[in-house]
Amino acid sequence: MTELPTISARRERTRERLLDAAAEVFARVGFGAASVEAIAEAAGFTRGAFYSNFESKEELFLALTDRQGRRHVAALEAAVTALDADVVDGHHLDSRLIRSVLAAVTESNGAEHGWYPITAEFELLAMRAPEIGAAWTAQQRAMRAELTTVLTRLLDGLGLRFTIDAGTAVELLLGAWAASARDATVAGAKAVAPEALEALVDLLIAKA
């Protein structure tokens, strides 16, 4: 009985190493060109170790996306918690503070920096493969629902609110981020320009 937690912890460490390796390999060669063998080798494991943790490269990608989403939510909560009491300027958030929160969230990727082109590549695959598309859609909906709940709670704690339906507001914010990330990727920029997101946040969030 006492060995079960140890086995579980070891398995979790193996999964994390595979996820870290996958993030690096995907960033270097893209999702399609990344092989299971290359990911396993980068993690220091065999192909068998990969398949004992993930059924496919697609399942690993979804696990990696889930981990990234949770890290973003944690970074968001930490950034908002660190805000000063004077975050509200008139009826809106101070734009400088909006920029600091956005930076904390969008730049907290570590090895997953430059994630947009990999996600775009996977979405193209999801469009052509209904089973993958269904799994991707379900995951994205769940993540957006969780993000909506977290943002609503954080805004309430700051005395702020969304000016429209919270779910719609989150969809607009994520869409704006994706558009900015796409433009930055095409232009070869290392960071997403925050101006459009700041302007949208100013429109969608106001004093309660």
Taking the criterion of being buried (at least 16 other Cβ atoms within 10 Å of the Cβ), assigned by TED's automatic domain parsing to the domain that holds Pro194, modelled with pLDDT of 90 or more and in contact with a strand residue (DSSP E or B) (Cβ under 7 Å, 6 or more places away or on another chain), would at least one residue in region 142-150 satisfy it?
no
Mind listing whichever residues of region 47-79 are in contact with a helix residue (DSSP H, G or I) (Cβ under 9 Å, 6 or more places away or on another chain) and among the small types (Gly, Ala, Ser)?
Gly48, Ala49, Ser52, Ser56, Ala63, Gly69, Ala75, Ala78, Ala79
Would it be correct to say that Gly175 is modelled with pLDDT of 85 or more, touching a helix residue (DSSP H, G or I) at 6+ places or on another chain (Cβ under 7 Å), in a helix (DSSP H, G or I) and outside the structural domain of Asp20 (by TED's automatic domain parsing)?
no
The helices (runs of 4 or more DSSP H) lying entirely within region 1-110 that contain at least 1 residues which are modelled with pLDDT of 95 or more are 3-29, 36-43, 47-51, 57-81
Limited to region 29-48, what total is found for residues that are touching a residue at least 24 places away in the same chain (Cβ under 8 Å) and surrounded by 16 or more Cβ atoms within 10 Å (Cβ to Cβ)?
3
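Let's see how each residue does on (1) more than 17 Å from the chain's Cα centre (by Cα); (2) within 17 Å of Leu76 (Cα to Cα); (3) part of a helix (DSSP H, G or I):
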residue: Asp156; (1), (2), (3): yes, yes, yes
residue: Glu171; (1), (2), (3): no, yes, yes
residue: Ser180; (1), (2), (3): no, no, yes
residue: Thr185; (1), (2), (3): no, no, yes
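The values are calculated or read from the model by the stated rules, or taken from the named source; none is laboratory data. Small disclaimer: the values here were computed from a predicted structure and weren't measured. FYI the Cβ positions are ideal-geometry reconstructions off the backbone, even for glycines, and counts take in every protein chain you see.
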